[in-house]
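What follows is a single structure, and I will ask about it in a moment.
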Amino acid sequence: MLGSAPRPVCRKNYLQQAPPVLRTIGSVTSSAVPANAPIRVAIVDDDPEFQGALARAVQAADDMALAGRAATRTQGLALLRDTPADVLLVDLGLPDGSGIDVIQAAARAWPDCGIMVSTTFGDETNVMRSIEAGAAGYLLKDAAPGRMVAEIRSLAAGGSPISPIIARQVLRRFRPVAGDAVNAAPPPAEAAPDTPISLSPREREVLDFITKGFTADEIARLMELSRYTVLTFVRRIYVKLKVKSKAEAIYEARTQGLLGD
């Protein structure tokens, strides 16, 4: 399927027509990740009290598993050599460097992982640098571990958790406050041409399944991925296409020629 135009397939009999290895995922292929696998969470934070409380909350959650812990930038980078996690929480103020280095490295080493900042730094510079480095969420350390667990679920399900005060800063970055003529950026003299949408082979494969009506669990079984990884791909597709629903994604993909006839 990769690299070629998707062919019309009947959703009802697709699984029956699939090769035997796809019809028996979980019983034949030991490397396949079950669709209902727990959310694997890794933590990079130098505050032992906060890290310990968050680790205990993750371990107490029935749908989560602690994949690893690190307290420094060096340890965080070393952690990325292990099995990829579904969600990575990173503090920015690490004793031997910036957590942004870990975010950048994680975005490359664990491309399917959702990365969330958990820090006391709420200034615009750190916020924007973290997002540009690959973070999909940004929370200040003012939340109880129970709420953090809920935000981890949100991130794994395709959301982008962000503290309200941080969200306001991001909005101000792109939308000047009314009446603030001094800080408002002048409008461009000419609209820049739209940048062509570029989807990775995996994203195209997920999009192809979406157009055929498959659910996230079905796509996970067919692609031998976890449900959370599939949702990560879906989130990226939505962001790239600038849409908020499956119907909009299919429409935009067809409009921009990303799907075959």
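Grab the other residues whose beta carbon is less than 15 angstrom from that of Asp63, score K and R as +1, D and E as -1, and report the net.
With Lys, Arg at +1 and Asp, Glu at -1, the neighbours total -1.
Can you check what the net charge comes to around Asp82, using other residues whose Cβ is under 12 Å from the Cβ of Asp82 (Lys, Arg +1; Asp, Glu -1)?
Local charge sum for Asp82: +3.
Only counting other Cβ atoms within 10 Å, I'd like Lys141, Lys244 sorted with the fewest neighbours first.
Neighbour counts put them in this order, fewest first: Lys244, Lys141.
Quick check: net charge around Thr72, other residues with Cβ under 13 Å of its Cβ, Lys/Arg +1 and Asp/Glu -1?
Around Thr72, the surrounding residues sum to -4.
If I take all pairs of Cα atoms in region 39-174, what percentage of them are more than 23 Å from each other?
23
No value in this document is a laboratory result; all are computed from the given coordinates. Predicted, not measured: the structure shown is a model, and the values here were computed from it. Every residue, glycine among them, receives a Cβ derived from its backbone with ideal geometry; neighbour counts consider all protein chains shown.
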